[in-house]
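Heads up: the structure comes next, in structure tokens.
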Amino acid sequence: MRDTIDIPALVARREVYKSLEAPFYTSQDVLDLDIEVIFGNNWIFVGTEPELPEPGDCITVEIGPVSVLLLRGDDEEIRGFHNVCRHRGAKLVDQKSTTIGNIVCRYHGWTYNEDGELILAEHMGKDFKKNCHNLRTVHVRSIAGLIFICLAKDAPADIDLMAETMEKYIAPHDVKNTKVAFQSELIEEGNWKLTLENNRECYHCEGNHPELTVPLSEFGFGFSPDELDERRAEDVAQYERDVLENHARWTACGLPSSEEQHLANVTGFRTMRLPLMREGESHTVDTKVACKKLLGNFSRETTGAKLGGLSFWTHPNSWHHFMSDHIVTFSVLPLSPNRTLVRTTWLVHKDAVEGEDYDLDNLTKVWTHTNQQDADLVRLAQLGAEMSGYQPGPYSPYTEPHVESFAAWYIARLNDYFVKADTQKVAAE
Amino acid sequence: MRDTIDIPALVARREVYKSLEAPFYTSQDVLDLDIEVIFGNNWIFVGTEPELPEPGDCITVEIGPVSVLLLRGDDEEIRGFHNVCRHRGAKLVDQKSTTIGNIVCRYHGWTYNEDGELILAEHMGKDFKKNCHNLRTVHVRSIAGLIFICLAKDAPADIDLMAETMEKYIAPHDVKNTKVAFQSELIEEGNWKLTLENNRECYHCEGNHPELTVPLSEFGFGFSPDELDERRAEDVAQYERDVLENHARWTACGLPSSEEQHLANVTGFRTMRLPLMREGESHTVDTKVACKKLLGNFSRETTGAKLGGLSFWTHPNSWHHFMSDHIVTFSVLPLSPNRTLVRTTWLVHKDAVEGEDYDLDNLTKVWTHTNQQDADLVRLAQLGAEMSGYQPGPYSPYTEPHVESFAAWYIARLNDYFVKADTQKVAAE
Amino acid sequence: MRDTIDIPALVARREVYKSLEAPFYTSQDVLDLDIEVIFGNNWIFVGTEPELPEPGDCITVEIGPVSVLLLRGDDEEIRGFHNVCRHRGAKLVDQKSTTIGNIVCRYHGWTYNEDGELILAEHMGKDFKKNCHNLRTVHVRSIAGLIFICLAKDAPADIDLMAETMEKYIAPHDVKNTKVAFQSELIEEGNWKLTLENNRECYHCEGNHPELTVPLSEFGFGFSPDELDERRAEDVAQYERDVLENHARWTACGLPSSEEQHLANVTGFRTMRLPLMREGESHTVDTKVACKKLLGNFSRETTGAKLGGLSFWTHPNSWHHFMSDHIVTFSVLPLSPNRTLVRTTWLVHKDAVEGEDYDLDNLTKVWTHTNQQDADLVRLAQLGAEMSGYQPGPYSPYTEPHVESFAAWYIARLNDYFVKADTQKVAAE
């Protein structure tokens, strides 16, 4: 019979450098806890500023049982609210994206201003206190145009380090002066942590991602030194010299490029800029730029287009790739124990014209195919995790250290939560 | 992690004139309890006599895990049975509506007569006692042609008051001499209580129901006196004089019209007859009768067609509107915490001919549109109730008193149940 | 509110010759237990050797949360493995049937040989022990070409009696020299035990299976002696003389025919060969052979085609019918409390040519129709079991003794399990 899952025990006995026990991927109780503890307390990447460029533009984001309304006000600031009326609880904005004046509930016409203050409520009588019925707010933080939110009362303060670091890396790509060229929503048939684990290694790339690997070096994502023969050892040395040369060149252009890694932080992240192979301009199937109009102040004359690929990974739910001509960002949100939403957004310069400066198919091809291939692998991993024959297996120390970083970070967050709950319990006694 | 829901505590702490706490709308445990306590012990409206006019006609009704077979016998009486064979439990009648002789199980041919008595069972041997295997019965009560059932062993006796009162109000509309012109089944994506709450107020009508409000006065369903200016105060006074004049005229025609309200009774109900605006004949988009052949003994020569709209609301699951030319009845049945069936039936005189006496689109337009609009509002309310940002909010004392009546009745029934369970527990100790 | 189901109590109070209490058909907890105890510890019929005739051929079978990979090796043996990679747990073979060399995981290329030994795993470093990461094995046993598996560590030994008995009965039909003419997968909307109960009686046949009953005697599957008049008593006597005469003739041809019944064994089974009526050649709508090329060494010249129908039923999940010209086998696998997979396979001589020796529609018609009719009855029985009005009802002592055998066997297995669990608990204290 189904046992009640003892999640604290599962957390306590997790073995390092091994995949998690099955309930972490399959149990509704764990998913509920993930939504409460992981997605409820940490900074979650939910979108980019170009998705709501003008005052009155709003988008909604669904995270488990929370719907958040993000609204750009007349002062250009983006504010976040729980998307639910304070009268009888109707959902306020039902679309993913729209433009509004005030926030008006369709049910009985209750109206809130851009600060979430209730400004109209008919038939409630003269004793009714409107100011006790304002919308509940959510923390919002934009880092160089990437929007993170936190649902907790007290948001982790160490986002300051991520912001300070990443503003420098991302600023040259000038996110605020981009536009959304395309956005896709893919539902992967697997647990959100399998989506993340899959993202945190490229051990599977060579066998599964023909488009993605075109401009990638096989040495960029780890390898076992025991398996190198003399010729390949020379290839590795050459690759490492290339990286150093490119870093020097990019730094001279004002582009920070060296690896920064803070994966054990509560607001854990990692970034680095790596060279692209062949033509070396962008992450496309022909390795040339997909958009003629380059981002920010980049130009063929000054910086050139060969600016490699700046990658930025965050715990628990995002990754981003910045090239000289376009940006791709990914937001991962759990839907159920075995269903996960991956929202992918392609950004180009706001003045670029489709059909003239860029071809949409060419721009999106690499990641449209790669996402689909990853979805299929995540599906197989989920099917396996759901089998009674599944047992946690070993991560490679050479190709899967960032899978381990993610798993360790996740386990640490749950552990913090249980320790805190225990402390509160003892204090109460 | 998901806490077990403490329903008695939720019942005990319910605040009056506030919407219910979220689990009442979202929890499977609450829905199971609703089906057991609310739908299992009370009189439930399930259909009308014209749906099974002849001996041998039967309909089936599904209420949670109960399927009820209603069969009109040769004596014209309607009897109710649990729709399940006493042999190996196959469902007996699988259709919503059909005509049968005896009740024959398709599996092994066991046969029951119209009293539910097992009259044939092959191969069971000579010691088998057929009379120990009769169908289990269900209480059935027709009030002026509206069929109510009760699944409990002991049905609430106060249905007598509702029957006595409503026979007088409804009799002139002569339900037994009507026929079903149309029946629709709409699945609303919300909890059944949100469907009921939505039905019990017209605060939302002006902003959402353009067809429904054509012949309705804005003063017929409550308003805040604080918001009336002098001109509108005069409109209200005029409306109130109109109502009194119409009541006098209708009463002279043998049509009881004044409000009767017994919403705190176990078999709680409310009724009143209100004038219709503009042409004032019926609840249609042009406010004229939809069916030339009037109901009962009504005629343009004697009573006239301007008989207003008699409304009849019952706890926990129905409402009905009776005009001079047609009747619309609504039965609400829960399917899951967030799915509810609304079955709507349009009745006209049994001798009316479609295309000649009435146009079906014209007859059904107001409520087909209104039902769809309400379904959309209920969906938004359910989405909101499922959000962790939801909190119970205040009902308007002027426009939502009957929402409060419904919520209070519902809470009272659950409270009665828990008190009785506690009493039985103490008695057993 | 939903009570926790006390399955040991339900097992302990089960009444003989009565259908089971509702939770046995409706509860997810019971289904989980069924998969663990019934499908996890017993010999389960999953397919036939002709489905994977050549080395490298493999099929996969899903039993609850277990996916089993069956692979025929170069030595012609069929081996069984848990179909899940020992690295990060991806499902290995995703198709129902394919041909492979080694078993290669698509995710990161880990490779296993036909014995399930890990022979390749890149980037794991020099200290990694491949031989600690072999595939987990599953017991496989072929009885005259019918493949049974057991997922338990220790498989029931009494399969030896079934093997010894059935090899003699089935061998003349020469399963290994057949081919799959057709295979269907039907999902019945009912609990797997309702599918089995339906299979274990023909009380329902006359009223529901017009095609199936063409060559069946109404006396072949039980009847109440109290309901026989003098004329029908003579019919019975004649039928019984026919059976004896046929058994004598078939035995002379080397075909064991008398009933063998071991339904109380852990590996419970029953077999018998019965005459077919009318033309008497095969179980088809015209009762003639569907395939001109007869099975094994049968021929019109030597044995003739009138070899009746050999039936073979096993606990908990299969039945099989062997005629002179074709074989039909059935494997039943639970999907959820109210969904069950019935996989039906039609086998003919491996050299028979479709369109020449047999017409596929004619070959499959009886059981395609019968399966669909049974699915509809199982659906009605499930709908009934889900109703609160359901109560266990009586089995006929004359027509439903094998339904009782199945139910009693099932209850005995659960009882064994609970007794063993209790014993282990006491021993541990």
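The values are calculated or read from the model by the stated rules, or taken from the named source; none is laboratory data. Computed from a predicted model, the values in this text were never measured in an experiment. Heads up, the Cβs are rebuilt from the backbone with ideal geometry, glycines too, and the neighbour counts pull from every protein chain shown. Quick note on the areas: whole protein, heavy atoms, side chains included, nothing else; ligands and nucleic acids left out. Shrake-Rupley method; radii C 1.70, N 1.55, O 1.52, S 1.80 Å.
Numbers for the structure displayed
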| item | result |
| --- | --- |
| Positions within the stretch B:49-66 being of a type outside the set (A, V, I, L, M) and more than 17 Å from B:Asp32 (Cβ to Cβ), in sequence order | B:Glu49, B:Pro50, B:Glu51, B:Pro53, B:Glu54, B:Pro55, B:Gly56, B:Asp57, B:Cys58, B:Thr60 |
| Condition check for B:Leu151: aliphatic (A, V, I, L, M) and within 14 Å of chain C (Cβ to nearest Cβ) | yes |
| Residue that is farthest from B:Leu31 (Cα to Cα) [pool: residues in the stretch B:180-212 that are more than 14 Å from chain A (Cβ to nearest Cβ) and part of a loop (DSSP other than H, G, I, E, B)] | B:Glu211 |
| The stretch A:352-401 - residue that is more than 9 Å from chain C (Cβ to nearest Cβ), of a type outside the set (D, E, K, R) and in contact with a Ser or Thr (Cβ under 8 Å, 6 or more places away or on another chain) and, of those, most open to solvent (accessible area, probe 1.4 Å) | A:Thr368 |
| Residue list for the stretch A:291-323, filter: of a type outside the set (A, V, I, L, M, F, W, C), in contact with a strand residue (DSSP E or B) (Cβ under 9 Å, 6 or more places away or on another chain) and over 30 Å from A:Thr60 (Cβ atoms) | A:Lys292, A:Lys293, A:Gly308, A:Gly309 |
| B:Ala90 vs. criteria hydrophobic (A, V, I, L, M, F, W, C), open to solvent by less than 20 Å² (accessible area, probe 1.4 Å) and at the interface with chain C (Cβ under 7 Å from one of its Cβ atoms) | yes |
| Count - residues of the stretch A:133-160 that are more than 30 Å from A:Ile119 (Cα to Cα), open to solvent by 60 Å² or more (accessible area, probe 1.4 Å) and either at pLDDT below 95 or not in a loop (DSSP other than H, G, I, E, B) (or both) | 1 |
| Positions within the stretch C:41-55 being out of contact with any helix residue (DSSP H, G or I) (no Cβ under 8 Å at 6 or more places or on another chain) and surrounded by 19 or more Cβ atoms within 10 Å (Cβ to Cβ), in sequence order | C:Ile44, C:Phe45, C:Val46, C:Gly47, C:Glu51, C:Leu52 |
| Some residue of the stretch B:221-228 being at pLDDT below 95, open to solvent by less than 20 Å² (accessible area, probe 1.4 Å) and touching a Gly at 6+ places or on another chain (Cβ under 8 Å) | yes |
| Among (1) within 10 Å of another protein chain (Cβ to nearest Cβ); (2) open to solvent by 10 Å² or more (accessible area, probe 1.4 Å); (3) outside any strand (DSSP E or B) - the single one B:Val37 does not satisfy | (2) |
| Residue match in the stretch A:123-131 (condition: under 24 Å from B:Glu206 (Cα atoms), in contact with a strand residue (DSSP E or B) (Cβ under 6 Å, 6 or more places away or on another chain) and among the aliphatic types (A, V, I, L, M)) | no |
| Every residue from the stretch C:56-87 that is more than 21 Å from the chain's Cα centre (by Cα) and facing chain A (nearest Cβ under 10 Å) | C:Asn83, C:Val84, C:Cys85, C:Arg86, C:His87 |
| C:Thr329 assigned to a loop (DSSP other than H, G, I, E, B) and polar (S, T, N, Q) | no |
| Residue count for the stretch C:108-132, restricted to those that are of a type outside the set (D, E, K, R), open to solvent by 10 Å² or more (accessible area, probe 1.4 Å), assigned to a loop (DSSP other than H, G, I, E, B) and more than 12 Å from A:Ser396 (Cβ to Cβ) | 1 |
| Residues within the stretch C:237-260 that are over 23 Å from the mean Cα position of the chain (by Cα) and outside any helix (DSSP H, G or I), tallied | 2 |
| Test: residue in the stretch A:161-168 that is away from every other protein chain (no Cβ under 13 Å), under 27 Å from A:Asp351 (Cβ atoms) and either touching a His at 6+ places or on another chain (Cβ under 8 Å) or open to solvent by 20 Å² or more (accessible area, probe 1.4 Å) (or both) | yes |
| Pair list, Cβ under 6 Å, 6 or more apart: the stretch B:1-16 residue more than 14 Å from chain A (Cβ to nearest Cβ), other residue part of a loop (DSSP other than H, G, I, E, B) and at pLDDT 95 or above | B:Leu10/B:Glu21 |
| Residue count for the stretch B:261-317, restricted to those that are of a type outside the set (Gly, Ala, Ser), under 20 Å from the mean Cα position of the chain (by Cα) and assigned to a loop (DSSP other than H, G, I, E, B) | 8 |
| Residue match in the stretch C:60-80 (condition: more than 17 Å from A:Ala385 (Cα to Cα), open to solvent by 10 Å² or more (accessible area, probe 1.4 Å) and touching a Phe, Trp or Tyr at 6+ places or on another chain (Cβ under 9 Å)) | no |
| So B:Ala233, is it over 29 Å from B:Thr364 (Cβ atoms), surrounded by fewer than 16 Cβ atoms within 10 Å (Cβ to Cβ) and touching a Ser or Thr at 6+ places or on another chain (Cβ under 9 Å) | no |
| Qualifying residues in the stretch C:93-135 (those that are of a type in the set (A, V, I, L, M) and under 28 Å from A:Phe219 (Cβ atoms)) - the one nearest to the other protein chains (Cβ to nearest Cβ) | C:Met124 |
| Selection from the stretch B:1-33 of residues that are among the aliphatic types (A, V, I, L, M), within 14 Å of B:Phe406 (Cα to Cα) and open to solvent by 30 Å² or more (accessible area, probe 1.4 Å) | B:Val16 |
| In the stretch C:373-421, the residues that are in a loop (DSSP other than H, G, I, E, B) and among the aromatic types (Phe, Trp, Tyr) | C:Tyr390, C:Tyr395, C:Tyr398 |
| For C:Pro215: the one exception among (1) more than 10 Å from chain B (Cβ to nearest Cβ); (2) open to solvent by 30 Å² or more (accessible area, probe 1.4 Å); (3) not polar (S, T, N, Q) | (2) |
